[in-house]
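Colleague: One structure, as structure tokens, below. Some questions next.
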Amino acid sequence: MYDIAVVGGGPAGLSAAVQARARNKSVLLVSGDVRDNPLYRTERVDNYLGFYNRSGRELLEAFRSHADAMGVQLREGRVLNILPVGDTFYLSIGSEVEQARAVVLATGVARGRKFPGEAEYLGRGVSYCATCDGMLYRNREVVVVGRAADAPHEANYLRELGCKVTYVSAQPPEGLRPDIPFVKGNRVEIQGGRNVEAVRVDRATIPCEGVFILRSSMAPDDLMTGLELENGYIRTGRDGATAIPGVFAAGDCTGVPLQVSKAVGEGQVAGHRAAEYCDAQQREEKTEDKERM
């Protein structure tokens, strides 16, 4: 079990992870493909103190190198769900589960609303994880809705499993197997009866039994229940604490301004407070152990 799990590999998450490691906590940082991070695609950053006229990619690579040197366990993947059980948080990462004493959410802004039919058919044909559910659709028609840089890779994986895959996205994908049909479109609607039966993309209808929606980030309230939101952002105190004890948040997911300097500062505070929370939990455990003796 890790002391702290950080969800998100942007400036806020990396700052929180570095701060927690400075306090000698074990840290797992889970992040999607670095190419999905808005900072990575920013050509020039002029307003981050001490780093004038740097590309976002340069900054992000420097942040990641710092975290790696501090001993942060960096892991690429998608956190699909976080479940608190007692004093432990269980994080579903693809088809695997990790445990942590505290969590820092640094998920950035979840861009894009749910597609029509997405919520209604979740678990009845709609999935967010190819490695988790792919085998259920072997030899069956599925649609991959690509909204993340690694989505073509996931589509290729489903094809290798034996799924009959159609790939849907607004732009032609890079790295998609040539035997996977590509449908270009923006408007997506999931249709069916009891279960998924088709996906409508603009004016085309694609019959299928499964839909894999692969986004770069999930909305905070989809990750865990009990978070308080305000205008779509996570409500926190100045210490980064959320409405759930042991869960802290930092960066763009807490609201404007969406700036690197704000994200780094909030990450530092959230990482510090998460480490203090772990210390308090460990003190309580020692006290309870003594009382039992």
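Colleague: Is it fair to say Tyr137 is among the hydroxyl-bearing types (Ser, Thr, Tyr) and either exposed (fewer than 14 other Cβ atoms within 10 Å of the Cβ) or touching a residue at least 60 places away in the same chain (Cβ under 8 Å) (or both)? Explain how you work it out, then say what you get.
Modeller: Numbers: among the hydroxyl-bearing types (Ser, Thr, Tyr): yes; either exposed (fewer than 14 other Cβ atoms within 10 Å of the Cβ) or touching a residue at least 60 places away in the same chain (Cβ under 8 Å) (or both): yes.
Yes, satisfied.
Colleague: Scan segment 13-38 residue by residue and report those that are surrounded by fewer than 16 Cβ atoms within 10 Å (Cβ to Cβ) and either among the β-branched types (Val, Ile, Thr) or not in a loop (DSSP other than H, G, I, E, B) (or both).
Modeller: At the first step, the residues of segment 13-38 found to be surrounded by fewer than 16 Cβ atoms within 10 Å (Cβ to Cβ) are 22, 24, 35, 38.
Scanning segment 13-38 gives Ala22, Arg35, Pro38.
Colleague: Which pairs do you get when a residue that is closer than 15 Å to Gly9 by Cα, found in segment 254-278, comes within reach of a residue that is buried (at least 24 other Cβ atoms within 10 Å of the Cβ) and aromatic (Phe, Trp, Tyr), reach meaning Cβ atoms under 6 angstrom, with the pair 6+ apart or on two chains?
Modeller: Once the first residue is closer than 15 Å to Gly9 by Cα and sits in segment 254-278, its partners that are buried (at least 24 other Cβ atoms within 10 Å of the Cβ) and aromatic (Phe, Trp, Tyr) give Ala270/Phe248.
Colleague: Suppose we filter Glu98, Glu43 for residues that are assigned by TED's automatic domain parsing to the domain that holds Val256 and without any contact (Cβ under 8 Å) to a residue 40 or more places away in the chain; which single one remains?
Modeller: Working: Glu98 fails: without any contact (Cβ under 8 Å) to a residue 40 or more places away in the chain.
Glu43 is the lone residue from the list that is assigned by TED's automatic domain parsing to the domain that holds Val256 and without any contact (Cβ under 8 Å) to a residue 40 or more places away in the chain.
Colleague: Hey, another quick one. Looking at segment 86-106 only, could you name the residues that are over 29 Å from Gly192 (Cβ atoms) and buried (at least 18 other Cβ atoms within 10 Å of the Cβ)? Before you say what the answer is, go through the steps one by one.
Modeller: At the first step, the residues of segment 86-106 found to be over 29 Å from Gly192 (Cβ atoms) are 86-91, 96-106.
Listed by number, the residues that qualify are Phe89, Leu91, Glu98, Ala100, Arg101, Ala102, Val103, Val104, Leu105, Ala106.
Colleague: Go through segment 140-158 and report how many residues are in contact with a Leu (Cβ under 9 Å, 6 or more places away or on another chain), more than 23 Å from Gly108 (Cβ to Cβ) and surrounded by fewer than 23 Cβ atoms within 10 Å (Cβ to Cβ).
Modeller: 1
Colleague: Here's something else I'd like to know. Got a number for residues in segment 233-253 being buried (at least 23 other Cβ atoms within 10 Å of the Cβ) and assigned to a strand (DSSP E or B)?
Modeller: The number of residues fulfilling the criteria is 4.
Colleague: Go over the candidates Glu230, Glu291 one by one and state the one that is more than 19 Å from Val7 (Cβ to Cβ), in contact (Cβ under 8 Å) with a residue 24 or more places away in the chain and exposed (fewer than 14 other Cβ atoms within 10 Å of the Cβ).
Modeller: On the way: Glu291 fails: in contact (Cβ under 8 Å) with a residue 24 or more places away in the chain.
Exactly one residue qualifies, and that residue is Glu230.
Colleague: With over 24 Å from Asp87 (Cα atoms), in a helix (DSSP H, G or I) and either modelled with pLDDT of 95 or more or among the charged types (D, E, K, R) (or both) as the only criterion, which of Val269, Val264 stands out? Outline the logic, then answer.
Modeller: Details: Val269 fails: over 24 Å from Asp87 (Cα atoms).
Of the residues listed, the single one that is over 24 Å from Asp87 (Cα atoms), in a helix (DSSP H, G or I) and either modelled with pLDDT of 95 or more or among the charged types (D, E, K, R) (or both) is Val264.
Colleague: Hey, can you tell me all the residues within segment 39-76 that are on the phi > 0 side of the Ramachandran plot and either crowded, with 17+ Cβ neighbours inside 10 Å or at pLDDT below 95 (or both)? Write out each step before concluding.
Modeller: Taking segment 39-76 first, the residues on the phi > 0 side of the Ramachandran plot are 50, 53, 71.
Matches in segment 39-76: Gly50, Asn53.
Colleague: Okay, moving on. Does Val211 satisfy being among the hydrophobic types (A, V, I, L, M, F, W, C), over 29 Å from Gly13 (Cα atoms) and free of Cβ contacts under 8 Å to residues at least 40 places away in the same chain?
Modeller: No.
Colleague: Right, next: If we scan segment 51-67, do we find a residue that is in the same structural domain as Pro257 (by TED's automatic domain parsing), in contact with a Leu (Cβ under 6 Å, 6 or more places away or on another chain) and acidic (Asp, Glu)?
Modeller: The initial filter retains those residues of segment 51-67 that are in the same structural domain as Pro257 (by TED's automatic domain parsing), namely 51-67.
The next check asks that each one be in contact with a Leu (Cβ under 6 Å, 6 or more places away or on another chain); those that pass are 56, 60, 63, 67.
Of the ones still in play, those that are also acidic (Asp, Glu) are none.
Taking every residue of segment 51-67 in turn, none turns out to be in the same structural domain as Pro257 (by TED's automatic domain parsing), in contact with a Leu (Cβ under 6 Å, 6 or more places away or on another chain) and acidic (Asp, Glu).
Colleague: May I pose another question? Return the only residue of Asn195, Asn186 being exposed (fewer than 13 other Cβ atoms within 10 Å of the Cβ) and either in contact (Cβ under 8 Å) with a residue 24 or more places away in the chain or hydrophobic (A, V, I, L, M, F, W, C) (or both). Give the derivation first.
Modeller: Working: Asn186 fails: either in contact (Cβ under 8 Å) with a residue 24 or more places away in the chain or hydrophobic (A, V, I, L, M, F, W, C) (or both).
None of the other options fit; the residue is Asn195.
The values are calculated or read from the model by the stated rules, or taken from the named source; none is laboratory data. Bear in mind the structure is a predicted one, so any value in this text is a computation, not a measurement. Cβ sites come from the backbone with ideal geometry, for glycine too, and all protein chains shown count toward neighbours.
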